[in-house]
Amino acid sequence: MSVPAAVQHAVRERAEGRYEYCHSPEWVCAARFTLDHLLPRSRGGTHEPHNLALACRRCNERRYNFTTGRDPVTQKEIPLFHPVQHVWSEHFAWTPDGQWIVGTTAIGRATVERLDLNDERHDDGFIRVSRILWVRGCWHPPPKEAVDGVVTHTHIPRRRRPVQDYLQGQGRYRHLFAPHRNDSAIQQIQEQVDRYWAAV
């Protein structure tokens, strides 16, 4: 039985289109994010929104049916970060260069270790290379976090590149540039981005 469309929509809205374990936005990735069962179906987990988190496929697969991870500092098994119950900034932080997620609590450290959020054991560190590019585009680290419906900005980029630089690199926006460049649409997107940052 698949997750009902209304539930999928509710989870995506709650997550604001961000991966709920590292807060990277879905639009910087090549594939749509998946729904991760926080209490796995194999352990009796349901399709209710409070049991679902928006997650990239790589981390969903790494999490598998685990609900705990080993804290590398204490060597104890610790419950993993729960995106619905926990506040991200209370358990994690970004290094100043934006490449590494650091667990700041036992829960954070166990989650970084279990999901290998920095690709220390997988893919030759590919996610860190991606983050370097995201930082250069001023789309990373993620700039905000919503807690109990209140949005807090955790990072405001000092320098922002034109939005067309991002759009041109994404296949899903090629219609804005070929066969004819749609300057009106590109300008409209840029104005929306500018209004967003002006209000911060």
- Item | residue 105-residue 129 pseudo-label distance in nm [points 7 Å out on the Cα-to-Cβ vector] | 3.5
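If the chain between residue 42 and residue 122 were fully stretched, how many nm would it gain, using 0.36 nm times the residue separation less the Cα-Cα distance? Provide the component values of the computation, followed by the final result.
Working: separation 80, 0.36 × 80 = 28.80 nm, distance 2.52 nm.
Residue separation times 0.36 nm, minus the Cα-Cα distance, leaves 26.3 nm.
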- Note on the structure: Along the dipole axis of segment 1-54 (charges at Cβ: +1 for Lys and Arg, -1 for Asp and Glu; origin at the Cα centre), the most positive-end residue among 42, 3, 24 is 42
- Message: How big is the dipole moment of the chain about its Cα centre under a simple scheme where the beta carbon of each Lys and Arg is +1, that of each Asp and Glu is -1, and everything else is neutral? Debye, nearest 20, please.
- Response: 340
- With a Förster radius of 22 Å, plug the Cβ-Cβ distance of residue 183 and residue 27 into 1/(1 + (r/R0)^6) and report the FRET value to the nearest 0.05. 0.55
- Item | Over 13 Å [Cα-Cα, segment 62-127], rounded percent | 62
- Message: Defining a contact as two alpha carbons under 8 Å apart and six or more residues distant in sequence, what relative contact order in percent does segment 5-161 show?
- Response: 16
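Calculate how large, on average over all directions, the projected area of the Cα convex hull of segment 1-127 is; give the answer in nm² to one decimal.
On the way: hull surface 31.9 nm².
Mean orientational projected area (segment 1-127, Cα hull): 8.0 nm².
Laboratory data are not the source of any read-out in this text; all were calculated from the coordinates shown. What you see is a predicted model; the values in this text were computed from it and never measured. So basically every Cβ, Gly included, is an ideal-geometry build from the backbone, and we count neighbours across all protein chains shown.
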